[in-house]
1. Quick one: how many residues across the range 76-103 are in contact with a strand residue (DSSP E or B) (Cβ under 7 Å, 6 or more places away or on another chain), surrounded by fewer than 17 Cβ atoms within 10 Å (Cβ to Cβ) and farther than 20 Å from Lys12 by Cα?
2. Inside the range 34-47, can you point out the residues that are closer than 19 Å to Ala86 by Cα and not aliphatic (A, V, I, L, M)?
3. Which of the residues spanning the range 47-62 are loosely packed, with under 14 Cβ neighbours inside 10 Å and touching a residue at least 24 places away in the same chain (Cβ under 8 Å)?
4. Just to be sure, is Arg134 over 25 Å from Gly48 (Cβ atoms), at pLDDT below 95, surrounded by 19 or more Cβ atoms within 10 Å (Cβ to Cβ) and not aromatic (Phe, Trp, Tyr)?
5. If you scan the range 10-39, which residues turn out to be surrounded by fewer than 17 Cβ atoms within 10 Å (Cβ to Cβ), assigned to a loop (DSSP other than H, G, I, E, B) and not charged (D, E, K, R)?
6. Looking only at the range 86-138, which residues are assigned to a strand (DSSP E or B), within 17 Å of the chain's Cα centre (by Cα) and hydrophobic (A, V, I, L, M, F, W, C)?
7. Does the range 42-64 include one or more residues that are in contact with a strand residue (DSSP E or B) (Cβ under 7 Å, 6 or more places away or on another chain), part of a loop (DSSP other than H, G, I, E, B), of a type in the set (S, T, N, Q) and within 29 Å of Arg134 (Cβ to Cβ)?
8. Is it fair to say Glu109 is farther than 18 Å from Ile10 by Cβ, in contact with a strand residue (DSSP E or B) (Cβ under 8 Å, 6 or more places away or on another chain) and loosely packed, with under 15 Cβ neighbours inside 10 Å?
Amino acid sequence: MNEDTHQDKIEKIVDLAAPVARVWGAITDHKEFGEWFRVRLDSPFKVGETTTGNITFPGYEHVKWISVTEQMDHERLFAFSWPPSAVDPDTNYAPGAKVRVEFKLEPIETGPRLTITETGFQQFPEAKRLEVLRSNIEGWNIQAKNVAAHVER
């Protein structure tokens with residue numbers, strides 16, 4: 001992936017050897033999502049509603065989870081957003097500022113292809129943007145392996 005301060009998007013593609021229904025459950029059921037993502041969520045994902053919780057990934061247990069579920073198109077697209085202030089509380093962001101995460105499922109010969117896209121990095125101050133991008137790229141590399149291991153077991 002190209003890492004520069006002008007980058008606004010991270011995209012990770014994973015081809016999975018599991019039924020699409022299995023993958024859909026892993027990404028949209030809040031308890032199952034929590035298992036592979038390593039987060040304890042307080043409530044299910046529901047379009048238009050906020051989901052809160054705590055990250056349980058070692059070293060990140062102090063990080064609160066807050067997201068708004070934006071879209072759930074059954075077995076095709078799940079999207080949520082999170083506020084940039086969640087990782088950068090010292091910066092004042094515009095009202096409604098958000099980073100959007102999409103999980104898109106498309107059928108391929110071997111099973112579903114999962115495309116994870118995260119956008120909205122241009123909102124971060126340039127001095128912090130590269131650090132956030134690098135951290136999130138590393139995070140999605142880990143999470144892509146986690147979701148694959150979770151659904152293929």
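The values are calculated or read from the model by the stated rules, or taken from the named source; none is laboratory data. Keep in mind the model is a prediction, meaning the values are calculated, not measured. Note: ideal-geometry Cβ built from the backbone for every residue, glycine included; neighbour counts use all protein chains shown.
1. Of the residues in the range 76-103, 1 are in contact with a strand residue (DSSP E or B) (Cβ under 7 Å, 6 or more places away or on another chain), surrounded by fewer than 17 Cβ atoms within 10 Å (Cβ to Cβ) and farther than 20 Å from Lys12 by Cα.
2. Gly34, Phe37, Arg38, Arg40, Asp42, Ser43, Phe45
3. Residue satisfying the conditions is Val47 alone.
4. For Arg134, the condition - over 25 Å from Gly48 (Cβ atoms), at pLDDT below 95, surrounded by 19 or more Cβ atoms within 10 Å (Cβ to Cβ) and not aromatic (Phe, Trp, Tyr) - is not met.
5. Scanning the range 10-39 gives Ala17, Pro19.
6. Answer for the range 86-138, where residues must be assigned to a strand (DSSP E or B), within 17 Å of the chain's Cα centre (by Cα) and hydrophobic (A, V, I, L, M, F, W, C): Val99, Val101, Phe103, Leu105, Leu114, Ile116.
7. Yes, the range 42-64 contains at least one residue that is in contact with a strand residue (DSSP E or B) (Cβ under 7 Å, 6 or more places away or on another chain), part of a loop (DSSP other than H, G, I, E, B), of a type in the set (S, T, N, Q) and within 29 Å of Arg134 (Cβ to Cβ).
8. So Glu109 fails the test.
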